[in-house]
1. Which condition number does residue 40 fail, the rest of (1) more than 23 Å from residue 143 (Cα to Cα); (2) under 12 Å from the mean Cα position of the chain (by Cα); (3) acidic (Asp, Glu) being met?
2. Within the range 8-26, is there a residue that is of a type outside the set (Val, Ile, Thr), out of contact with any helix residue (DSSP H, G or I) (no Cβ under 6 Å at 6 or more places or on another chain) and more than 26 Å from residue 143 (Cβ to Cβ)?
3. Given the options 109, 38, 116, 61, name the one that is more than 16 Å from residue 149 (Cβ to Cβ), touching a residue at least 60 places away in the same chain (Cβ under 8 Å) and not acidic (Asp, Glu).
4. May I ask you to list the residues in the range 43-65 that are farther than 22 Å from residue 137 by Cβ and either of a type in the set (Ser, Thr, Tyr) or in contact with a Ser or Thr (Cβ under 7 Å, 6 or more places away or on another chain) (or both)?
5. Test of understanding: among 130, 98, 158, 147, which residue is under 22 Å from residue 9 (Cβ atoms) and either at pLDDT below 70 or small (Gly, Ala, Ser) (or both)?
6. Of the residues that sit in the range 99-125 and are surrounded by 16 or more Cβ atoms within 10 Å (Cβ to Cβ) and closer than 14 Å to residue 142 by Cβ, which one is nearest to the chain's Cα centre (by Cα)?
7. Given the conditions (1) modelled with pLDDT of 85 or more; (2) under 16 Å from the mean Cα position of the chain (by Cα), which single one is not true for residue 70?
8. Restricting attention to the range 27-43, which residues are of a type in the set (A, V, I, L, M, F, W, C) and in contact with a Pro (Cβ under 9 Å, 6 or more places away or on another chain)?
Amino acid sequence: MFYTILDDLILYQQLTIKSLKYSNYELILHSYFYNKTQIDPSYIILIKIENKDFIFFFVKQEKYFQAKTFLNSIRNHINNKKVMIIRFDNILINLIFNLFPDLCIDDIQIEINKKQGIYEVSICFLKDLNIYHIAVGERGCYIKAVNELMYKHILFNNSYTPLTIKCRATE
């Protein structure tokens, strides 16, 4: 990968999550999560992709490992939904690594798609296709959910830079 200062400008941008008005269901999820873990989630974001519901619980970094111990129990209780507990970080590169926490990311590349006027962040995994399939999800649903999360809910503090995230298997 050819490294440039532009990469730093994109990958180290400060982020915030759009202020959300919770629906009744999200308030129930917030209460459930707090009662289960004794941790107040910073944000709860629901995303629906191809009839699959994704629930992202964002927690503070210092509470992440404590909350993660409850993940299997929460997934068993909330059926038919993909539940993720994510460490919220206000730096783009850190948030990307937090969205794919248990995978071996080999490289991150940034390309400019001049036709669409967006930045494409490619996350490259080693040739192991199992890791690639975990990152992409069943029929590409997880990566679509991450892209919708980035597009609709993440704001860049300095300026809006539209971006998409792609996954690739490298040799």
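The values are calculated or read from the model by the stated rules, or taken from the named source; none is laboratory data. Since the structure is predicted, the reported quantities are computational estimates derived from the model, not experimental observations. Heads up, the Cβs are rebuilt from the backbone with ideal geometry, glycines too, and the neighbour counts pull from every protein chain shown.
1. (2)
2. The answer is yes, given that some residue of the range 8-26 is of a type outside the set (Val, Ile, Thr), out of contact with any helix residue (DSSP H, G or I) (no Cβ under 6 Å at 6 or more places or on another chain) and more than 26 Å from residue 143 (Cβ to Cβ).
3. 109
4. Once the filter is applied, which keeps residues that are farther than 22 Å from residue 137 by Cβ and either of a type in the set (Ser, Thr, Tyr) or in contact with a Ser or Thr (Cβ under 7 Å, 6 or more places away or on another chain) (or both), the range 43-65 yields only 60.
5. When all the criteria are applied, what remains is 158.
6. Going through the qualifying residues, I end up with 99.
7. The one condition residue 70 does not meet is (2).
8. Hits for the range 27-43 are 29, 33.
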